[in-house]
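Trainee: Please read through the structure below; I'll follow up with questions.
Values in this text are rule-based calculations from the coordinates and carry no lab data. In this text, all values refer to a predicted model and were calculated from it rather than measured experimentally. All Cβ positions, glycine included, derive from the backbone under ideal geometry; neighbour counts span all protein chains shown.
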Amino acid sequence: MTGFGKSILQLPTKKITIEVKSLNSKNLDLNARIPSQYREKELAMRNTIAKNLSRGKVDFGLYVEITAEETSTKINEAVVKDYIKQLEAIHSGETTELLKMAVRMPDALKTIREEIDEEEFKAINNALLDALSEINTYRTDEGKALEKDFNLRVSNIGNLLDKVIKIDPERIEAVRERLHKAVSDLKEEVDQNRFEQELIYYLEKFDITEEKVRLANHLEYFTTTLQSSDSNGKKLGFITQEIGREINTIGSKSNYAPMQQLVVQMKDELEKIKEQLLNVL
């Protein structure tokens, strides 16, 4: 599911900004951008994210802005002086120019590796939790909107099913009349009892009583599962497959244009449910 969370931590000598963005994905796919001095804590931060976000394509960024007059990069004085001495031996130039050349040489600058203070990391971790809380709130709001849409789509399918049930008797009668007309067009005498037996057999093949009952049950089960507090995206997907199976069977058995039109509308509502299910955990 999509979401965004941001937290800013102000420390005495630096400002740390944490951003977490997520897009829909079947599994947790985490990409982290962390300054080198915090790499030793990357695994701990990844574990924190994994505990709070069960899936999604997640981009995690930790950005550091130095706000005090101190830096971890120092001039390697002894090395620079030695470079200047060597340069003077081969080139007679102003000291300033030689200095500019010397500081560009290898090892002229040295970076002092700072150890991460545990109190600082604790503050960073708390800021990360704040960002994750924000992104989960974002996801929850999106989930509520999805739930509303699912209930609407399921209700629409249920209303269309009611219309299918309502026109089913006239469908059977229409099929019966077509068969009678087909036999009468043959202009041959037929055994009426035999014809009625064949007619009953033929109509049984077009009977959708079981499909109507199963479809109604699946719709109710979908709604019940939707209200569960557990992660149920996959389960809803399986129920959706069953709903689609019953709708397809009704369509193949209907043999009646008005009912087939209702089936097409049900399929359209079901496709909208399937599209949105990709965003459900």
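Trainee: Fewest to most neighbouring Cβ within 10 Å: what's the order for THR67, THR96?
Mentor: THR96, THR67
Trainee: Where the centroid of each part is defined by its Cα atoms, how far is the range 85-163 from the range 1-80 in Å?
Mentor: Taking the Cα centre of the range 1-80 as reference, the centre of the range 85-163 is 4 Å away.
Trainee: Can you give the convex hull volume of the alpha carbon atoms of the chain per residue, in Å³?
Mentor: Taking the convex hull of the Cα positions in the chain, it is 202 Å³ per residue.
Trainee: Suppose R0 equals 45 Å; then what is the FRET efficiency for ASN232 and LEU99 from their Cβ-Cβ distance, rounded to the nearest 0.05?
Mentor: My answer for the efficiency is 0.10.
Trainee: Can you tell me which lysines have their Cα less than 23 Å from the Cα of LYS181? Leave out same-chain residues fewer than eight positions away.
Mentor: LYS205, LYS253
Trainee: At a 10 Å Cβ-Cβ cut-off, how would you order HIS91, HIS218, fewest neighbours first?
Mentor: The most exposed by this proxy come first: HIS91, HIS218.
Trainee: Could you list, in their original order, any pairs among LYS26/LYS272; LYS57/LYS267; LYS166/LYS235 whose Cα atoms are separated by more than 22 Å?
Mentor: Going by Cα-Cα distance, LYS57/LYS267; LYS166/LYS235 fall outside the 22 Å limit.
Trainee: Follow-up. At 222 nm, what helix-only mean residue ellipticity would the chain give, in deg cm²/dmol to the nearest 500, using -39500 (n - 2.57) for each DSSP H run of four or more?
Mentor: -22000 deg cm²/dmol
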